[in-house]
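Coordinate-derived values only; no laboratory data. Keep in mind the model is a prediction, meaning the values are calculated, not measured. When we count neighbours, we look across all protein chains shown, and the Cβ atoms used for this are built from the backbone with ideal geometry, even at glycine.
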Amino acid sequence: MTEIGAPAPDFTLPRDGGGEVTLSAQQPKAVVLYFYPKDDTSGCTKQALGFTELSEAFAEAGAVVIGVSKDSVAKHDKFIAKHGLGVILASDEESDVCERYGVWAEKSMYGKTYMGIERSTFLIDGAGVLRAEWRKVKVPGHVEAVLEAVKAL
């Protein structure tokens with residue numbers, strides 16, 4: 001689990017386009033780390049498009065945006081190509097990053113329970129310390145709220 005003011009759990013994951021992304025390698029930039037349930041679903045697409053639309057503002061504020069789901073790198077590549085996304089997408093398909101950030105949770109839909117990613121965002125400063133977290137995120141207005149928090153670092 002995560003704790004505000006503590007070092008964020010480091011990781012290295014495969015990313016879109018091949019290669020890997022390592023959290024600690026982003027320093028001294030801040031990182032907006034967002035976890036989302038599934039590529040190419042309506043809420044996840046809106047969220048990714050929101051981060052893409054404001055990607056220049058995040059970069060100007062000194063932050064990198066990384067999205068994480070359990071989808072494969074191949075699915076991430078298709079998602080990016082289909083929607084013209086401009087954020088890094090990392091695959092936690094065979095890792096435990098979702099569990100370490102406490103976003104792998106029991107969910108329910110239509111009376112059935114299942115395990116899935118709880119839409120969550122974490123703001124990590126340039127020293128690798130967790131500064132803010134948003135859990136059970138609702139997409140409307142979220143990206144703008146995260147950008148304001150980045151600017152306040």
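Quickly estimate the mean residue ellipticity at 222 nm for the chain, helices only: each DSSP H run with n ≥ 4 gives -39500 (n - 2.57), and the total goes over all residues, rounded to 500.
The per-residue figure over the chain is -8000 deg cm²/dmol.
With N residues in region 27-151, what two-decimal value do you get for its Cα radius of gyration over 2.2 N^0.38 Å?
1.01
Mind giving me the nanometre distance, one decimal, between the label points for Arg100 and Thr113, set 7 Å out from Cα along Cα→Cβ?
So the two model labels end up 2.8 nm from each other.
May I ask you to evaluate 6.51 cos²θ - 1.76 cosθ + 1.60, the Karplus curve with θ = phi - 60°, for each residue of region 32-38 and list the ³J(HN,Hα) values in order in whole Hz, giving x for glycine and proline?
9, 10, 10, 9, 9, x, 7
Of all DSSP beta bridges located in region 27-151, what percent are antiparallel, nearest 5? Please list the in-between numbers first.
On the way: 15 of 25 bridges.
Percent antiparallel among DSSP bridges in region 27-151 is about 60.
What is the order of Glu133, Glu106, fewest Cβ neighbours within 10 Å to most?
Glu106, Glu133
Non-local amide H neighbours of Asp92 (under 5 Å, H modeled in plane, Pro and chain starts lacking H): which ones?
Long-range HN contacts for Asp92: Ser69, Lys70, Asp71.
List the GluC sites (Glu not before Pro) in region 1-99 that DSSP assigns to loop (not H, G, I, E or B) and whose Cβ has at most 13 other Cβ atoms within 10 Å. Which are they?
Glu3, Glu94
Determine ³J(HN,Hα), in whole Hz, for all residues of region 46-57 in sequence, where each value follows from phi through the Karplus function 6.51 cos²θ - 1.76 cosθ + 1.60 and θ = phi - 60°; x replaces Gly and Pro.
4, 5, 5, 5, x, 5, 5, 4, 9, 4, 5, 5
Which shape class applies to region 61-108: rounded if a/c is under 1.5, otherwise prolate when a/b exceeds b/c and oblate if not, where a ≥ b ≥ c are the square roots of the Cα gyration tensor eigenvalues? Spell out each step's value before the answer.
Details: a/c = 2.09, a/b = 1.36, b/c = 1.53.
Oblate, because a/c is 1.5 or more while a/b does not exceed b/c.
Output ³J(HN,Hα) for region 12-22: one whole-Hz value per residue in order, computed from phi by the Karplus curve 6.51 cos²θ - 1.76 cosθ + 1.60 with θ = phi - 60°, and x for Gly and Pro.
Values per residue, Gly and Pro as x: 10, 10, x, 10, 3, x, x, x, 9, 10, 10 Hz.
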